[in-house]
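Just so it is clear, none of the values below were taken in a lab; they were calculated from the coordinates. Keep in mind it's a predicted model, so treat the numbers as computed, not measured. Cβ sites come from the backbone with ideal geometry, for glycine too, and all protein chains shown count toward neighbours.
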Amino acid sequence: MNMQMKKPLYEALMEHVNKRPVSFHVPGHKYGFIEQSDANHYFEQILKIDATELSGLDDLHSPEGAIFEAERLLADLYHTKKSFFLVNGSTVGNLAMIMATCTEGSIVLVQRNCHKSVLNGLRLARVRPIFLEPEYNHDWKVAVGVSTETVKQAINRYPDAKAVIVTYPNYYGMTYDLESIIHLAHLQDIPVLVDEAHGPHFIVGKPFPASSLALGADMVIHSAHKTLPAMTMGSFLHINSDLINEANVKEYLGMLQSSSPSYPIMASLDIARNYAATYEQKDLSFLLSEINDFKESLLEIPAIKVLDFPNCQGDHLKVTIQSRCELSGFELQQRFEEMGIYTELADPFNVLFILPLLKEGEHYPLEETAVKISKALSGLATQVEREEVHLESQGIAELAIPYHKMETFAVREVPIDEAVGLICAESLIPYPPGIPLLLKGEQVTKEKQQELNRLVRSGARFQGGSSLKKDLIKVFVLG
Ligand SMILES: Cc1ncc(COP(=O)(O)O)c(C=O)c1O
């Protein structure tokens, strides 16, 4: 029997449920016996498997039974040295990955447009981050990944770096030459940590991009819940090389994850692994044909463009459309929501759809969706140009003050015009392109202040910067 057909944790849970257990243990709902409210109808079934570390159900933090088996099957599928189930998303994966690899003061080369959990990990580990500017795609109007040249320059400048941290693919499913970056880093024995939150399904094969694990990345996180059929917060962490200290990773996961991990989430990870492992060529052909039909239908709508991945390299589960009419991406998204169509994200130009990893014969209302979109957008004038955000490239940049010092300074708000020369106490990320203009701890230069003013005046959207609308930014009070 193909071992990947098994679902050890899910099966152990089923066996437990079938014993009709009488609970004198946590959790307090007693397998759903205690009526919660009228919401019980929704929770009823899931609470039956919301168990805890009982005989036969193993322990995530010290696995020897069903969870050990389930994680071993995960490692076999992704061909890793060791793989872990995570119950607090890729967020905890990024934290553990960084804290297990770096110590206080370690130089870390990190892609500037990384997820906030990476920034938080850098801060918790009190490392010395060196931020690498990503490339910008003018057709898509979003940031992608770092170029090999940028990484090469950074490694030449900082050969003692303790890690390179990159995000692959970006949110929109765009990829870049990660293999060359890994090769460069490995010439100096620097481990490459990859936030592959959006790529756990790459394992199903071409034309999906190669998984960073197959490209030789040393440690990788996957949000299984994003594109595999796992419950929200279910993620994987993989160790793929001897450059990583497995005991350290285990120790940090033990510190950062709950001592009462959710069995429904863990069982859904077991199911998601099994789903990916049993994905066949016929499923892939079916899926690609469904995606193609969906895109073909969207292509007939004059008010939007369907974006193509550069060199056809990208994640086919992601379909990005760009406005060619008077509506911004946000307004398009709102129109779709009025018709019951909920998309993953919008930016001023684009709307991103994440499609399901269908198996052969599974019907998802893609055609119906395209018809609704066509109706919603009929009669709109096309070819409206929208102003793009142009940011000066920041190249390779360092913080002006280290993390441990930041904690000792008070914070105040000052008018943007008076901030030149001061140290920013918040991260300001115009979206898109999603490349931070200022990170917490960076100095506000004259150029950045001017750029910030320009962006604020043009109505750009920011992540961070709660007082920007009042023309104020937070800065550290030094000395
Ligand atoms: C690139 C990236 N990394 C990490 C995360 C965090 O993942 P999770 O939601 O699984 O904690 C996200 C979430 O959106 C993400 O987009």
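Given Gln313, Gly441, Ser106, which one lies farthest toward the positive end of the charge dipole of the chain, if we put +1 on the Cβ of every Lys and Arg and -1 on the Cβ of every Asp and Glu?
Gly441
Per residue of the range 69-85, what does 6.51 cos²θ - 1.76 cosθ + 1.60 with θ = phi - 60° give for ³J(HN,Hα)? Whole Hz please, x for Gly and Pro, Karplus curve as stated.
4, 5, 6, 5, 5, 5, 5, 5, 5, 8, 6, 9, 6, 7, 10, 10, 7
Whole-Hz Karplus ³J(HN,Hα) for the range 165-175, in order, using 6.51 cos²θ - 1.76 cosθ + 1.60 and θ = phi - 60°, x for Gly and Pro?
10, 10, 10, 8, x, 7, 4, 7, x, 8, 10
Based on alpha-carbon positions alone, could you give the equivalent ellipsoid semi-axes of the range 34-76 from the gyration tensor, as √(5λ), descending, whole Å?
29, 12, 7
Give the relative contact order (percent, whole number) for the range 191-296; include only Cα pairs under 8 Å separated by 6+ residues.
25 percent
Normalise the Cα radius of gyration of the range 182-317 by 2.2 N^0.38 Å (N = residues in it) and let me know the number.
Cα Rg divided by the expected 2.2 N^0.38 Å: 1.26.
Against the empirical 2.2 N^0.38 Å scaling, what ratio does the C-alpha Rg of the range 52-102 come to?
In units of the globular-protein estimate, the range 52-102 measures up at 1.25.
With charges set only on the Cβ (+1 for Lys and Arg, -1 for Asp and Glu), what does the dipole of the range 159-243 come to about its Cα centre, in debye to the nearest 20?
Dipole size: approximately 340 debye.
Contact order normalised by length for the chain, with contacts defined as Cα pairs under 8 Å and 6 or more residues apart; what percent is it?
14 percent
Hey, any idea what Rg/Rh is for the range 406-453, computing Rh the Kirkwood way over Cα pairs?
Ratio of gyration radius to Kirkwood radius: 0.96.
Please grab the % of Cα pairs in the range 76-153 that end up more than 22 Å from each other.
Pairs farther apart than 22 Å: 39 percent.
How long is the range 45-203 along each principal axis, judged by its Cα atoms, biggest number first, in Å?
Projected onto the principal axes, the Cα atoms of the range 45-203 cover 54, 38, 27 Å.
For the chain, what is the charge dipole size about the Cα centre, in debye to the nearest 20, if Lys and Arg each add +1 at the Cβ and Asp and Glu each add -1 at the Cβ?
With only Lys, Arg, Asp and Glu charged at Cβ, the dipole is about 780 debye.
Treating the range 167-230 as a set of equal point scatterers at the Cα positions, no solvent, please give the Debye-formula log₁₀ I(q)/I(0) at q = 0.19, 0.27 Å⁻¹.
For the range 167-230 at q = 0.19, 0.27 Å⁻¹, log10 I(q)/I(0) is -0.67, -1.22.
Counting C-alpha atoms alone, how compact is the chain: give Rg to one decimal and Dmax as a whole number, in angstrom.
Looking at the chain, its Cα Rg and Dmax stand at 23.7, 70 Å.
Using the Cα centre of the chain as origin and beta-carbon charges of +1 (Lys, Arg) and -1 (Asp, Glu), tell me which of Asn292, Ser223, Gln463 is placed farthest towards the positive end of the dipole.
Going by the Cα projections, it comes out as Gln463.
Please figure out what share of the DSSP beta bridges in the chain is antiparallel and state it in percent, rounded to the nearest 5.
Antiparallel: roughly 70 percent of the beta bridges in the chain.
Residue-wise, which Karplus ³J(HN,Hα) couplings in Hz belong to the range 14-31, taking 6.51 cos²θ - 1.76 cosθ + 1.60, θ = phi - 60°, and x for glycine or proline?
In residue order, the calculated couplings are 4, 4, 5, 4, 5, 7, 6, x, 9, 8, 10, 9, 6, x, x, 6, 6, 6 Hz.
What whole-number distance in Å separates the alpha-carbon centres of the range 337-375 and the range 293-328?
Between the Cα centres of the range 337-375 and the range 293-328 lies a distance of 11 Å.
Near Gly464, within a Cβ-to-Cβ distance under 10 Å, what is the net charge of the other residues, with Lys and Arg +1 and Asp and Glu -1?
For residues surrounding Gly464, the net value is +2.
Give the Debye-formula value of log10 I(q)/I(0) at each listed q (0.09 Å⁻¹), with one equal scatterer per alpha carbon of the range 283-429, two decimals each.
Debye intensities relative to I(0), on a log10 scale: -0.46.
Kirkwood hydrodynamic radius of the range 322-391 from all distinct Cα pairs, in Å?
13.4 Å
Please list, by residue number, every one of the GluC sites (Glu not before Pro) in the range 11-99 that is coil in DSSP and has at most 15 other beta-carbon atoms within 10 Å.
Sparse-neighbourhood loop GluC sites (Glu not before Pro): Glu35, Glu64.
If you place +1 on the Cβ of every Lys and Arg, -1 on the Cβ of every Asp and Glu, and leave all else neutral, what size is the dipole of the range 349-448 about its Cα centre, to the nearest 20 Debye?
I would put it at about 140 debye.
Report the Cα-based extents of the range 307-348 along its three principal axes, largest first, to the nearest Å.
33, 21, 13
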